[in-house]
1. Tell me, which residue of segment 36-74 that is surrounded by 13 or more Cβ atoms within 10 Å (Cβ to Cβ), in contact with a helix residue (DSSP H, G or I) (Cβ under 8 Å, 6 or more places away or on another chain) and among the hydrophobic types (A, V, I, L, M, F, W, C) is modelled with the lowest pLDDT?
2. Whether any residue in segment 1-21 is among the β-branched types (Val, Ile, Thr), surrounded by fewer than 13 Cβ atoms within 10 Å (Cβ to Cβ) and modelled with pLDDT of 80 or more is what I want to check.
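The values are calculated or read from the model by the stated rules, or taken from the named source; none is laboratory data. Since the model is a prediction, treat every value here as computed from it, not as a measurement. Using ideal geometry, Cβ is built from the backbone for each residue, glycine included, and neighbour counts are taken over all protein chains shown.
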Amino acid sequence: MMYWHPQFFYCCIGQPDCMNQKQIRRLHKIMTQQLAATNEILTLVKRHDKWLTMLYSRQFGAYPPSYGDEGDSQ
């Protein structure tokens with residue numbers, strides 16, 4: 001599941017450039033969650049590259065860029 005916390009960015013726009021330790025820990029936690037979710041999605045895309053290519057080509061009549069380890073899908 002993707003985590004995105006836009007309220008963090010909206011709340012910090014008017015603040016000075018310094019952050020306290022609590023804000024830094026909160027930002028680190030959010031970024032760690034986002035990185036884990038992104039890595040999970042990338043792993044799933046690489047694992048199912050052939051299926052995704054087949055579905056994409058049936059839907060749009062073209063081949064998508066390859067995200068798998070086996071090179072180009074064309």
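1. If we take residues in segment 36-74 being surrounded by 13 or more Cβ atoms within 10 Å (Cβ to Cβ), in contact with a helix residue (DSSP H, G or I) (Cβ under 8 Å, 6 or more places away or on another chain) and among the hydrophobic types (A, V, I, L, M, F, W, C), then LEU52 is modelled with the lowest pLDDT.
2. Residues of segment 1-21 among the β-branched types (Val, Ile, Thr): 13.
Imposing the further condition that a residue be surrounded by fewer than 13 Cβ atoms within 10 Å (Cβ to Cβ) reduces the set to 13.
When the remaining residues are screened for being modelled with pLDDT of 80 or more, the result is none.
Scanning segment 1-21 turns up no residue that is among the β-branched types (Val, Ile, Thr), surrounded by fewer than 13 Cβ atoms within 10 Å (Cβ to Cβ) and modelled with pLDDT of 80 or more.
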